[in-house]
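One structure is given here, and the rest of the page talks about it.
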Amino acid sequence: MTSYWAERAWLGRRAERVHIEIEGERIAAIAEGVDPPAGAEQLPGLVLPGLANAHSHAFHRALRAVAEGGEGDFWSWRDRMYEIAGRLDPDSYHRLARAVYAEMALAGVTVVGEFHYLHHATGGARYQNPNAMGEALLAAARDAGLRITLLDCCYLRGGFDRPLEGVQLRFGDGDADGWALRTEGLRDDAGSRIGAAIHSVRALDDDSMTQVAAVARERDLPLHMHLLERREELPARPLERAAEAGVLDRLTTLVHATHLADFAPVVETGTGVCVCRTTERFLGDGTIATLPAELRLSFGSDSHAVVDLFEEARALELDERTRTGTRGTYGPDRLLDAATSGGYDALGWDGGRLEPGSLADFVAVDLGGVRTSAPHAPEAAIAVFAATAADVTDVVVGGRRVVRDRRHQDVEDVGRALREAIAAL
Ligand SMILES: [Zn+2]
C-alpha cells in the first residue's frame, strides 16, 4: 500500500504529523500525531488537497505577455487569440497542451477543466476523427499527469446576429444536434471525464442552450457556460436567458459572473460560479460584486496570463478590498476550499479534500522559503496570502508522485517544452 507522511497538513484545519494511506487512487485512512511509518514517502512543508483549475483554454497560453505594450481591450485581444487558434492542428495542440498542463502540475494543479471549442480543421472541415482535437487534449493531460474534465463546447454563431466566420468556422458543429452527435464519441477513463459547455449567449440561441443543457443532464455531465464577462453583454440578460433555457442547476457552473448584480437565482438552483480574476483583470473586464456565502465557488486561470491558483484565490479578496474599502469578505478557509474541493465539485470529481474516500490528489508547499516563512500564520492563510505557484514542491495525483522536489517526473524540462511548442506555431 502506498502511503505518505507530512509534518503539517491542512484538513480544513491545522494537522501535524499526518499519515495518509492510499488504496487504489483514493485515500483509505488518515492518522494524525504519528511518527513516519516505515515505507511511507515523506512530503516536506505543508500538505494541501490538490488544486483544481476549473476554467482553462490551453492554447491561450501561447499569448502570454505577447499582447502587452499596446492599447486595446477584450475584443482586440480576441483577434490575437483567433490568430493562434487558426494555426493549431491535433499534433501541435497536443504538444502545446501537454506543456501547459505540465506547467499547471508544477503549480500544484491536479485537475483541469478544459473549456474546449477548437474542434474542427480550417474552414470547419471535419477531421477524419471528428474529436481529434478533444482527444489531443485528453492525451495531453494524461501525459502531464493530471486529471482533466473536457468541457466540450457547443459554439454555433459569431455573435447575436452573425454567422460563424473565419477561424470561428473551426468551432461550429452546425447545430446542437451536430454537437450532441459528435460528443457521443468521447469517453471517460480513469483520469479523464467528459463534460459539456455552452460557449455564451452570444454563440448560442435559446433553443440550442436548452438542447445542450438537456443532453448534459441526460448524460449526467458537468455543464459550464461563460455567463457575463463583458459589460456589453448585460442588455442580452444572459442570466435570465440561461435560467429560462433550463441551464441552471447543481451540475452547472457559470464562468465569469463578472457583471451580475443578483445572485439569488444562482444560489437557489445550486448553480456554481467560477471566478477567473487574473484573466478578468488582465483583459480589463471589470470587478465582480460580492458573492453570497452560500454560493458554490471555484477558480480558473482561463487565459493563463498567470498559472497560479493561490493568486486566483487571493485576487478575489484583494479586488474586493480595492472595490469596497473593507477587508475579510472572503476568509482564507473559504478561498482555499474553492481552489480545491470547490473546483473538483465543479468538474465532476470526488476529490479536493484530505479525507478517507477522496481521490488521493494532494500537493506540498514549501514552508521554508522566503515567501512562506510565517511561523505564526494559519495554514490556509499561508497558502492563499503568502504562497505562489513557485512554492509548490511536490504533487501527488491518484497516489502517484507527478512532481518531486519541483521537478515534473514525466516532462523533463517544462520551460523548454513550452518554448518549443509556442515557437513552432
Ligand atoms: Zn473562458
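The values are calculated or read from the model by the stated rules, or taken from the named source; none is laboratory data. The shown structure was predicted, so the numbers you read here are calculated from the model rather than taken from an experiment. Backbone-built Cβ (ideal geometry, glycine too); neighbour counts: all protein chains shown. The accessibility values were calculated without ligands, DNA or RNA, using every heavy atom of the protein model including side chains. Shrake-Rupley method; radii C 1.70, N 1.55, O 1.52, S 1.80 Å.
Worth pointing out:
- Segments classed as strands (runs of 3 or more DSSP E), wholly inside the range 358-425, with at least 2 members that are surrounded by fewer than 20 Cβ atoms within 10 Å (Cβ to Cβ) and basic (K, R): 400-404
- Just one of the listed residues (A180, A203) is under 30 Å from R277 (Cβ atoms) and in contact with a strand residue (DSSP E or B) (Cβ under 9 Å, 6 or more places away or on another chain), and it is A203.
- Residues that are free of Cβ contacts under 8 Å to residues at least 24 places away in the same chain, more than 19 Å from G352 (Cβ to Cβ) and open to solvent by 40 Å² or more (accessible area, probe 1.4 Å), drawn from the range 1-30: E16, R17
- Counted residues, the range 248-258 - those being part of a loop (DSSP other than H, G, I, E, B) and either within 16 Å of the ligand (Cβ to nearest atom) or in contact with a Phe, Trp or Tyr (Cβ under 6 Å, 6 or more places away or on another chain) (or both): 1
- Tally of residues being in contact with a helix residue (DSSP H, G or I) (Cβ under 9 Å, 6 or more places away or on another chain), of a type outside the set (D, E, K, R) and in a strand (DSSP E or B) across the range 5-32: 3
- In the range 331-347, residue farthest from G398 (Cα to Cα) [restricted to those that are in contact with a Lys or Arg (Cβ under 9 Å, 6 or more places away or on another chain) and open to solvent by less than 30 Å² (accessible area, probe 1.4 Å)]: L335
- Of all residues in the range 211-222, at least one satisfies being closer than 23 Å to D345 by Cα, within 17 Å of the chain's Cα centre (by Cα) and either away from the ligand (no atom under 15 Å from the Cβ) or outside any helix (DSSP H, G or I) (or both).
- Considered as a group, the residues in the range 282-292 that are touching a Lys or Arg at 6+ places or on another chain (Cβ under 8 Å) and in contact (Cβ under 8 Å) with a residue 40 or more places away in the chain include one that is farthest from the ligand (Cβ to nearest atom), and that residue is G286.
- Apart from one condition, R202 fits all of (1) closer than 22 Å to I84 by Cα; (2) touching a Gly at 6+ places or on another chain (Cβ under 7 Å); (3) at pLDDT 95 or above; the exception is (3).
- Which listed residue, of T279, T269, is out of contact with any helix residue (DSSP H, G or I) (no Cβ under 7 Å at 6 or more places or on another chain) and within 14 Å of the ligand (Cβ to nearest atom): T279
- Count - residues of the range 112-130 that are more than 16 Å from the ligand (Cβ to nearest atom) and in contact with a Phe, Trp or Tyr (Cβ under 6 Å, 6 or more places away or on another chain): 1
- Filter result for the condition that a residue is outside any helix (DSSP H, G or I), in contact (Cβ under 8 Å) with a residue 60 or more places away in the chain and at positive phi, over G352, G270: G352
- Residue under evaluation T110, criteria (1) within 25 Å of D366 (Cα to Cα); (2) assigned to a helix (DSSP H, G or I), criterion not met: (2)
- In the range 247-263, the qualifying residues are those that are among the aliphatic types (A, V, I, L, M) and touching a residue at least 24 places away in the same chain (Cβ under 8 Å), and the one that is farthest from A293 (Cα to Cα) is V247.
- Residue within the range 187-199 that is part of a helix (DSSP H, G or I) and either open to solvent by 30 Å² or more (accessible area, probe 1.4 Å) or touching a residue at least 24 places away in the same chain (Cβ under 8 Å) (or both) present: no
- When G399 is tested against the conditions (1) in contact with a Ser or Thr (Cβ under 8 Å, 6 or more places away or on another chain); (2) at negative phi; (3) of a type outside the set (S, T, Y), the lone failure is (2).
- Of all residues in the range 155-175, exactly one satisfies the criterion of being without any contact (Cβ under 8 Å) to a residue 60 or more places away in the chain, outside any loop (DSSP other than H, G, I, E, B) and under 21 Å from N129 (Cβ atoms), namely L169.
- Here I84, I148 are screened, and the one residue that is surrounded by 18 or more Cβ atoms within 10 Å (Cβ to Cβ), among the β-branched types (V, I, T) and at pLDDT below 95 is I84.
- Hey, D319 more than 16 Å from the ligand (Cβ to nearest atom), assigned to a helix (DSSP H, G or I), farther than 23 Å from D207 by Cα and open to solvent by 30 Å² or more (accessible area, probe 1.4 Å) or not: yes
- Within the range 87-123, considering residues that are open to solvent by 10 Å² or more (accessible area, probe 1.4 Å) and among the aliphatic types (A, V, I, L, M), the one nearest to A58 (Cα to Cα): L106
- For the range 273-290, residues that are more than 13 Å from R230 (Cβ to Cβ) and not in a loop (DSSP other than H, G, I, E, B) total 7.
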